[in-house]
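Student: I am attaching a structure below and will ask some questions about it afterwards.
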Amino acid sequence: MLKINDLKVKIDDGAEILKGLSLEISKGEIHAIMGPNGSGKSTTSNVLAGKPGYEVTNGSIQFLGEDFNQLTPDERVVQGLFLAFQYPVEIQGVTNTNFLRTSINSVLKARGEGKMSPGEFLTKLKTKANELGISSDMLKRSVNFGFSGGEKKRNEILQMAMLEPKLAILDETDSGLDIDALKVVSSGVNSLRSTERSFLVITHYQRLLNYILPDFVHIMVQGKIVKSGAADLALYVEKNGYSEFLS
Amino acid sequence: MDMEKISNEGIEEETIEVVKNLTSAYEAGFETKIETEYAPKGLSEEIVELISKKNDEPAWMLEWRLNAYRRWLKLKQPNWAKLNLDPIDYQDIYYYAKPESMKVKPKSLDEVDPKLLETYEKLGIPLKEQKILAGVEDTTVNGQRKIAVDAVFDSVSIGTTFREELEEAGVIFCPISEAIKRYPELVKKYLGTVIPQTDNYFASLNSAVFSDGSFVYVPKGVRCPMELSTYFRINAENTGQFERTLIIADEGSYVSYLEGCTAPKRDENQLHAAVVELVILDNAEIKYSTVQNWYPGDEKGKGGIYNFVTKRANCRGVNSKVMWTQVETGSAITWKYPSCILRGDNSSGEFYSIAITNNMQQADTGTKMIHLGKNTRSRIVSKGISAGRSQNTYRGQVSVHPKSIKSRNFTQCDSLLIGDQCGAHTVPYIDIGNNSSKVEHEATTSKIDEEKLFYCMSRGLTEEESTALVVNGFCKEVLQYLPMEFAMEAQKLVAISLEGSVG
Amino acid sequence: MDNNRLQLSKDLISNLSTEKNESCEWLAKIRKTSEKRFLNHGIPLAFDEEWRLSSPDHFNKVSLCSSGENHEKAPSPFEKLKKISIVFLDGVFSKDSSDNLRANGIEVTMLDEVVTDSYHWSKDIFGKIEKNSQIISKRPLAILNTAFAQSGVLIEVTDNIEVPIELKYVCTKNNSGCLIRNVVRVCSGNKITLIEHFEGNGWSNICTELWAEKKAIVEHFRFKYLSRDSCSNTFLFVCLQEKSELRSSALSLGAGHSRNETHISLDGEESQCSISGASYLGEGKTLDDDTVSVHHLKPNCKSRQVFKKVQRASSVGVFQGKIRVEREAQKTDGYQTSRAILLDQTGKFLAKPELEIFADDVSCSHGSVSGAIDEETLFYLQSRGIDETLAKNILILAFLSEVFEEISDSNIKDLILSFTEKHLKL
C-alpha cells in the first residue's frame, strides 16, 4: 500500500532531516515507528501528508502505486491517507460539524461520488461521536478551540472515523494523554482496524503500543530506520532505551 | 496576596533598599562655578564658522555644516507631537560654551581643572583609570566592570578614559571633534549617512552647530573589551548643547554603549538637540543604552531642558543587530524616537523604553522600525508612566516594505497613570506591505494597582515608597536590558522622579 | 488655508448638485455657517494627519468617480427580512420603491419636507453631533454634508419599534455625486434597529446623526455591496445619553473606495457602545478605510471596537481608531482590536490605533495583528481533504464571523452569515 524508498528530505533552512528512509506497509498491517526526539519521526508524518516547508531531495513515496510527492495535501486524503496530528490546530469560527461535513463532501466530490445526505451524515457523526465520548456540545463548538488535550486527540480520531482512510498515520497521539484518555483513543483506533486498513503509529514511548498492538516496530534514529522487528522490539526499547542505537 | 507573587512581578528586596535610601529630588541639580568662554549669542553663518574654527576643523567639515545651516533656515519647527511649549527663540541661545580652563587642551585627565573632575565625581562618574596589572585579562576593577568614559561638558569633551587599552584592541573611542581631524576618511564615509543633514529641523540644526560628542569605531571581528559611555553635562546658562555621536560597528564586531546626561536646576529652559547615528555592518551588534536625566523643571513647570533628539541605527549588514534601551526621566520636553532601519537581510532591531513624566513634564517618545530587508525582526517594549500634571505619549511606527518578506514585529506598549491630572497617550502607526510578514501590536493603559500599593503599605512602606516599588515592577521588563550598573541607577531614578506624585 | 486647497474645495462644491431649499430658516442658517466652516478648513489633502494612510483624492473629486456602466440590481441579504424600507435612488427619496412609512412608534419626515420655520425636533440635533465629532479629528467632508445635503430622512423613535428600518441607497448611474443626511432621535427607553444598505456605483457622501436618549438602544448595521468604480464616504455620528447603548456592525463586500467614519460620544454615565466592521473587497486598487473615534466624556462607560479586514492583491485596508478618555470619565472600559489577513503579497494594511487618556482610573487596551492566513491551519484543513481555495474561503469566513458575532439581532446575523457564505461560494 505505502512504499517509501530511500527518502531524503530537507527543511526550508537547509538542514537534512530524513537521510534515506525506506519503509513498506501492506494492507491491514499496523506499523509503529519509535525513536528519540529529533530523529525525524514527525517529519516523516508531515512529509507523507504533504506539509509545505519540506523538500524531497531523493527517493520516492508511492501510495497504492501512485507517486505521492506530486500531490497536494488534500489530494492525498482523496487517495485514502489520514494524518492524526500531534498538535491539532484550533480554528476559531468554524464549527466542528461544519468542518467535518465540508471535509467529507470535499473528499467524496473529488472521488467523483455524490454528497452524503445531511441525514446520513448526522447519523454517522452521532454514532461515531458517541463511541468516542464526544458530546454534541463539542460538535457545535469551533474546531479544537478551547478543547483540552484529550478532547483534541479524541476529535482527531473522530475525523478519522468519519473519513475512513486506507492508511492512517497517528503522530504521537499518546502525547499529553492521561491513562483514561489513552484508553478511549486506543479503543477508537482499534474499532477501525480491518484487513483493508493500515496504520502507521509514531510514538516516543512504548505505552501506546500496549493498547494498539503493532505487527511491526521500527526504530528510527537520525533520519532513518536502524532496526525493525516485531512487537517485542518496543518492549526491548522501553527497557533499554535508545542509546545502543545512537552512534 | 503573598510576597512571592509580588516578587514575581518585579518588586524585589534590593529595590526596597534602593527606594528607602532615597534622599533629594534632583541630585544632579548643582552648578559648577567656573569661568566659561562663550561664543556670541544667536545663530548665523558666522557662528557656524566660529564653531568650526574653534574645533580647528578641515574645510569640508565647515562646508558640510553650512549646508546644514542653510537647509535649516528653510525649515519649520515640527508641531505634530503632543507637546505644548512656548516658541523657542533660536537667537537667544549660546551655541558654544567652553570652560576657560579647557582653552589649552589638557594632554591627559590629570591636567584637567579639578573643579571639572569634581563635577563628575559628584555625579558618580568614574574618570580615573584604575591601573590594571599587565598580562592579566580582566574586565573588572575592584569587582566593578570597567567602563571607558568620554566626558562632555557643555560644548567640549574634557577627556576620555581607557583610550590606550581600547586602541590596543583596535577600537577607536574619542571625541568626535578629534575624529574629524584624526580619522577624516571614516567620518566622511559615515557621518550623515544614517541621519542626513536634511532629515528634520533639529537634525539640521545639530548638523550645523554640533560642537562635540563621541566617535566609536569597532573594527572587523572585534568584541569591544569594555563598555563605552559618554556622560553629557550642561553647566553654562542659556546654552544649548548639540552633541553628535557616531558609532560604527564593522563586520562581526560588538559594542555596548551607555549614555547619561544631567544639568543644573535653572529657571530658564535650555535646548538640547543631539544626533546619534549608528552604523551596523554584517553580523555586527550594537547595544545602546541611555539614562536621560536632564533637569525636568520644577513642580510648576518652570525651567527644564527641551530635549529634541534624533537617534537612528542603520542595520546595513546581514544579521546585524541593534538594541536601544532608554530610561527617560528628565527634561521638561522630550521629543525622541530612536529608530532602526533594518536594511540587511535577517537584521534585527529592539527598542526598550521607560518614560516617566511627573509634575509638568511632557514626553513624546517612541521608535520607528523600518523593515526593508528580508526576514527582519523587531521588538518594541514601551512602558510609560505619567504622574502629576504631565503628559506622556508613545509614538511609534512599524513599517514593513513590500520586499521585506517574512519579517516579524511585536510591539507592547503599556501606560500607567498616577493621579487624575495627567495624561497617557499611545499613537502607533502600523504599515504592512506584504503578506508573509506578521505584525502584532498590543497596548494597555491602566492606573496603578491599588491592591499592590496597599500590600506594600501594609508592610510599613510609605505611599511614596510603595508607588516607587510598584512602578519599578511595572518597568522590570525593560530594566533587565540595561547593563547592571545602569539598571541600579535607573531603579533609583524611577523612584526619585516620582517624588511628590502621591498624597 | 492655501489657495490651492480653497480652489479645490470650491471645485468640489460646484460639482455637486446643490440646489437649495431655503424655505426652512433654521436649516438654512445651519447650512450657511457650515459652508463657512467647510471653506475655512477646505477639503482634506494627502498630508493631513487624518488622511495620511488613505488617499483623499477620490473622496474629494466627484469627477474621479466615473464609469459608463449602468448599475444592475444586486442581490440583497435582507430580501426576506421583515422591514420598513426607505429607498434613495441616486440621492433622492423614492416613494415608489419605499414602504409605507406610517408605523407605530416612529415619526418619519423627509429632510426636504421640513419647510416651515416652526419647531421641529431635529433642529436640536442637526449638525450638532457632526460638529462635536470635529473635536477629536477633523472631518471636513462631513461639514460638506451638513452644508449641502438636501435629501435624507428624519426619524424620531417614540416607542419600541420591532421592525428594522432599512435605509437603502442605490446609485444606478454615473451621477454628479449624492449627499444624504439623516437624523435619528431615539427617545428615552426606546429601541430601533437601523440598517444602512449601499448598492450601485457613483460618488456618495452619506451622513447619519443619531441621538440616543436615556436607556435607549440602537442597533445599527451597515452593508456595502457597491461596484468597483464607486466611491463611498459614510459618516455615523452618535451621541449616547445616560445608560443608552449602541451596537453598530458593518460588512463591506464590494466597493471601490470606501471610507466609514464613525464618531461616538459617550455623553451619559453608564452608556456603552460596540462598533465593529468586517470587509472583504475585490482585487485591484480598492481602498477600505474605517476611521473610528470614541469619546468618553462621562464615568462608567464602556466601549468596544472590533475590526477585521481581508485584503486581496493591490488592495489597501486602513484602520484608524482612537479612544479618548476625558478627565471626568473615570472607570472607563475601552477595548479595541483590529486584525487583517493579507491574502496576497501585494495587499496592504495600515493601522493607527490610538489611545488618548486623561483619566487615571481606566482600563483601556488595543491590539492589532496582521499577516497571511496561518499556514499551519491551512495545512490542517487540506489534510482533511479540503482543497486550498475552499480551505482559504472557510478561514476567511471564520475570520470575518467574529464581527458577525457582534450583531445582536439574530435575524440579521443569520442573513449576513448565509449571504457571506454564498459570496465566498461555501
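Listed here are the residues, each with its yes/no results for (1) over 25 Å from C:Leu355 (Cβ atoms); (2) crowded, with 22+ Cβ neighbours inside 10 Å; (3) of a type in the set (Ser, Thr, Tyr).
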| position | (1), (2), (3) |
| --- | --- |
| B:Tyr429 | no, no, yes |
| B:Thr445 | no, yes, yes |
| B:Leu453 | no, no, no |
| B:Thr467 | no, yes, yes |
| B:Lys476 | no, no, no |
| B:Tyr481 | no, no, yes |
| B:Met488 | yes, no, no |
| B:Ser501 | no, yes, yes |
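Student: Anything in region B:58-112 that is part of a strand (DSSP E or B) and under 18 Å from B:Asp150 (Cα atoms)? List them, or say none.
Tutor: Once the filter is applied, which keeps residues that are part of a strand (DSSP E or B) and under 18 Å from B:Asp150 (Cα atoms), region B:58-112 yields B:Ala97, B:Lys98, B:Pro99.
Student: Then there is this: Within region C:279-316, restricting attention to residues that are aliphatic (A, V, I, L, M) and buried (at least 24 other Cβ atoms within 10 Å of the Cβ), which residue is nearest to C:Leu236 (Cα to Cα)?
Tutor: C:Val292
Student: Across region B:160-205, what is the total count of residues that are surrounded by 17 or more Cβ atoms within 10 Å (Cβ to Cβ) and in contact with an Asp or Glu (Cβ under 8 Å, 6 or more places away or on another chain)?
Tutor: Final tally of qualifying residues: 14.
Student: For region C:144-160, which positions are of a type outside the set (S, T, N, Q) and open to solvent by 10 Å² or more (accessible area, probe 1.4 Å)?
Tutor: Across region C:144-160, the qualifying residues are C:Glu156, C:Asp159.
Student: Which of the residues belonging to region A:130-157 are within 12 Å of another protein chain (Cβ to nearest Cβ), touching an Asp or Glu at 6+ places or on another chain (Cβ under 9 Å) and assigned to a helix (DSSP H, G or I)?
Tutor: Within region A:130-157, A:Lys152 is the sole residue that qualifies.
Student: May I pose another question? Considering every residue within region C:370-386, establish whether at least one is of a type outside the set (Asp, Glu), modelled with pLDDT under 95 and in contact with a Phe, Trp or Tyr (Cβ under 7 Å, 6 or more places away or on another chain).
Tutor: yes
Per-residue answers, yes or no, for (1) in a strand (DSSP E or B); (2) at pLDDT below 95; (3) of a type in the set (S, T, N, Q):
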position: C:Ala329; (1), (2), (3): no, no, no
position: C:Thr337; (1), (2), (3): yes, no, yes
position: C:Ile341; (1), (2), (3): yes, no, no
position: C:Gln345; (1), (2), (3): no, yes, yes
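Student: Right, here's the next one. Being more than 22 Å from C:Ala212 (Cα to Cα), touching a residue at least 40 places away in the same chain (Cβ under 8 Å) and open to solvent by 50 Å² or more (accessible area, probe 1.4 Å) narrows it down to one of C:Lys128, C:Lys123, C:Lys173, so name that one.
Tutor: C:Lys173
Student: In the list C:Lys392, C:Lys352, which residue meets the criterion of being of a type in the set (Lys, Arg) and facing another protein chain (nearest Cβ under 8 Å)?
Tutor: C:Lys352
Student: Sticking with this one: Looking at B:Gly460, B:Gly433, B:Gly384, B:Gly396 in this structure, which one is more than 10 Å from chain C (Cβ to nearest Cβ), among the small types (Gly, Ala, Ser) and under 28 Å from B:Val318 (Cα atoms)?
Tutor: B:Gly396
Student: Continuing with this model, one more query. Being open to solvent by 40 Å² or more (accessible area, probe 1.4 Å) and of a type in the set (Val, Ile, Thr) is the filter here, so list the residues in region B:26-66 that pass it.
Tutor: none
Student: Tell me which residues, restricted to region A:87-112, are farther than 26 Å from A:Leu177 by Cβ and either more than 8 Å from chain C (Cβ to nearest Cβ) or assigned to a loop (DSSP other than H, G, I, E, B) (or both).
Tutor: A:Asn98, A:Arg101, A:Asn105, A:Leu108, A:Lys109, A:Arg111, A:Gly112
Student: While we're on this one: Which helices (runs of 4 or more DSSP H) does region B:389-503 wholly contain that include 2 or more residues that are under 19 Å from C:Ser370 (Cα atoms) and at pLDDT 90 or above?
Tutor: Result: empty, no element qualifies.
Student: Okay, moving on. What is the residue count in region A:229-247 for residues that are outside any helix (DSSP H, G or I) and touching a residue at least 12 places away in the same chain (Cβ under 8 Å)?
Tutor: The number of residues fulfilling the criteria is 5.
Student: Inside region B:340-399, can you point out the residues that are over 21 Å from B:Tyr295 (Cα atoms) and aliphatic (A, V, I, L, M)?
Tutor: If the condition is that a residue be over 21 Å from B:Tyr295 (Cα atoms) and aliphatic (A, V, I, L, M), then B:Ile341, B:Leu342, B:Met369, B:Ile370, B:Leu372, B:Ile380, B:Val381, B:Val398 are the ones that fit.
Student: Taking the criterion of being β-branched (Val, Ile, Thr), open to solvent by less than 10 Å² (accessible area, probe 1.4 Å) and not in a helix (DSSP H, G or I), would at least one residue in region A:10-28 satisfy it?
Tutor: yes
So that you can scan it fast, the table gives a plain yes or no per residue for (1) buried (at least 18 other Cβ atoms within 10 Å of the Cβ); (2) within 13 Å of another protein chain (Cβ to nearest Cβ); (3) touching a His at 6+ places or on another chain (Cβ under 9 Å):
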{"site": "A:Gly35", "(1), (2), (3)": "yes, no, yes"}
{"site": "A:Phe63", "(1), (2), (3)": "yes, no, no"}
{"site": "A:Asp67", "(1), (2), (3)": "no, no, no"}
{"site": "A:Thr72", "(1), (2), (3)": "no, yes, no"}
{"site": "A:Gly80", "(1), (2), (3)": "yes, yes, no"}
{"site": "A:Phe85", "(1), (2), (3)": "yes, yes, no"}
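Student: Now, a different point. A:Leu192 fails exactly one of the following numbered conditions: (1) within 19 Å of C:Tyr380 (Cβ to Cβ); (2) modelled with pLDDT of 90 or more; (3) under 17 Å from the mean Cα position of the chain (by Cα). What is the number of that condition?
Tutor: Only one criterion in (1) within 19 Å of C:Tyr380 (Cβ to Cβ); (2) modelled with pLDDT of 90 or more; (3) under 17 Å from the mean Cα position of the chain (by Cα) is unmet by A:Leu192, namely (1).
Student: Within the group C:Lys298, C:Lys322, which residue is under 26 Å from C:Asp333 (Cβ atoms), part of a loop (DSSP other than H, G, I, E, B) and in contact with a strand residue (DSSP E or B) (Cβ under 7 Å, 6 or more places away or on another chain)?
Tutor: When all the criteria are applied, what remains is C:Lys298.
Student: Of all residues in region C:361-387, which are within 7 Å of chain A (Cβ to nearest Cβ) and assigned to a helix (DSSP H, G or I)?
Tutor: Residues satisfying the conditions are C:Glu375, C:Glu376, C:Thr377, C:Phe379, C:Tyr380, C:Gln382.
Student: Out of the residues in region A:38-49 meeting the condition of being open to solvent by less than 20 Å² (accessible area, probe 1.4 Å) and in a loop (DSSP other than H, G, I, E, B), tell me which one is farthest from the other protein chains (Cβ to nearest Cβ).
Tutor: My answer is A:Ser39.
Student: Restricting to region C:310-328, name every residue that is more than 15 Å from C:Cys273 (Cα to Cα) and touching a Pro at 6+ places or on another chain (Cβ under 9 Å).
Tutor: Matches in region C:310-328: C:Phe319, C:Gln320, C:Glu328.
Student: Would you confirm whether or not region C:152-169 contains a residue that is in contact with a strand residue (DSSP E or B) (Cβ under 9 Å, 6 or more places away or on another chain), assigned to a helix (DSSP H, G or I) and of a type in the set (A, V, I, L, M, F, W, C)?
Tutor: Looking through region C:152-169, none of the residues is in contact with a strand residue (DSSP E or B) (Cβ under 9 Å, 6 or more places away or on another chain), assigned to a helix (DSSP H, G or I) and of a type in the set (A, V, I, L, M, F, W, C).
The values are calculated or read from the model by the stated rules, or taken from the named source; none is laboratory data. As the structure is a computational prediction, the values presented were derived from the model and not from experiment. All Cβ positions, glycine included, derive from the backbone under ideal geometry; neighbour counts span all protein chains shown. Each accessible area value is taken on the protein alone, full model and side chains, heavy atoms only, with ligands, DNA and RNA left out. Shrake-Rupley method; radii C 1.70, N 1.55, O 1.52, S 1.80 Å.
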